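The values are calculated or read from the model by the stated rules, or taken from the named source; none is laboratory data. Quantities reported herein were computed from a predicted structural model and do not represent experimental measurements. Note that we place each Cβ from the backbone using ideal geometry, even for glycine, and neighbour counts take in every protein chain shown.
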Amino acid sequence: MLTLTSAAVLALIALIGAMTMLGGPSGVPFTRQPIPDDVPPKAAERALSVDVDAPGRPAAQLAQWAAPIAAATGIPEQALRAYGLAEVRAGLEFPQCNLRWNTLAGLGWVESRHGTYNGDWFNRSGLRADGVAEPPIIGVPLDGGPGLAEIPDTDGGRLDGDPDWDRAVGPLQFIPESWARYGVDASGDGVADPQQIDDAAAAAVRLLCSGERDLATPEGWTAAIGAYNQSAQYIIDVRDAAANYALNQPA
């Protein structure tokens, strides 16, 4: 295992601080706006309308919409298009849900830094041109260890490669049992794949909006994020990231 020296750690912290002062993802100086602690977080501007039944990959229709927002927020364009498409799908499938894309982006930030973090800082994942995370994002075995749930294998290791214990998979970290319930093909390739960001975001819509939740209410939004992870700090972290994105700035 590679161990950083104290001097190297301090240098890394200083570098990150300097980059933060210089500006946003594009390097353009900016003044970070303070985020409110409202629940639900303020809704970001809606994604453009999408023909979800059009041939090919529907998320591609959001390329022009996503580009400037991605530049301002640091969200990878592949992920941002997926969140926008998922918002459109939510409006069609769950009109009472009032789910906005920045809440999905808040989840994506906390779960995997939008498909870029897989637990190994020295071999980070990324989203390919087809929206699939590479290397695949696979969590630790849920074997009941410290801070972990105990979930014996439910899919024969098909999704996570582990025949003994379930593991969370993909950019939005679905366990195989949840993917079996909520998984959906949103990318138009005929396969529901938790490693593909369009599919993962659309499946998250189904999870969050289940039970006729209304995410425009504090109770509905909190219950939806709690269905993902019941930790109070987790809910705060998702809210803060979503609130930053509503202000068009990085989380």
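Couple of notes before you dig in:
- Of all positions in the stretch 111-130, none carries a residue that is of a type in the set (Val, Ile, Thr) and crowded, with 19+ Cβ neighbours inside 10 Å.
- Taking the stretch 198-223 as the range and being part of a loop (DSSP other than H, G, I, E, B) and aliphatic (A, V, I, L, M) as the test, the residues that pass are LEU215, ALA216.
- Yes/no for ILE151 being surrounded by fewer than 16 Cβ atoms within 10 Å (Cβ to Cβ), more than 26 Å from GLY91 (Cβ to Cβ) and β-branched (Val, Ile, Thr): no
- Note on the stretch 130-161: residues that are in a loop (DSSP other than H, G, I, E, B) and either more than 23 Å from ILE197 (Cα to Cα) or free of Cβ contacts under 8 Å to residues at least 24 places away in the same chain (or both) total 14.
- The set of residues in the stretch 229-249 being closer than 18 Å to GLN173 by Cα and not in a helix (DSSP H, G or I) consists of ASN229, GLN230, SER231.
- Only one of ALA54, ALA43, ALA7 that is modelled with pLDDT of 95 or more and either loosely packed, with under 15 Cβ neighbours inside 10 Å or within 24 Å of ILE235 (Cβ to Cβ) (or both): ALA43
- Among the residues of the stretch 56-93, those that are under 14 Å from ALA186 (Cβ atoms) and in a loop (DSSP other than H, G, I, E, B) comprise GLY56, ARG57.
- Among the residues of the stretch 168-225, the ones that are more than 15 Å from the chain's Cα centre (by Cα), surrounded by fewer than 24 Cβ atoms within 10 Å (Cβ to Cβ) and of a type in the set (S, T, N, Q) come to 4 in all.
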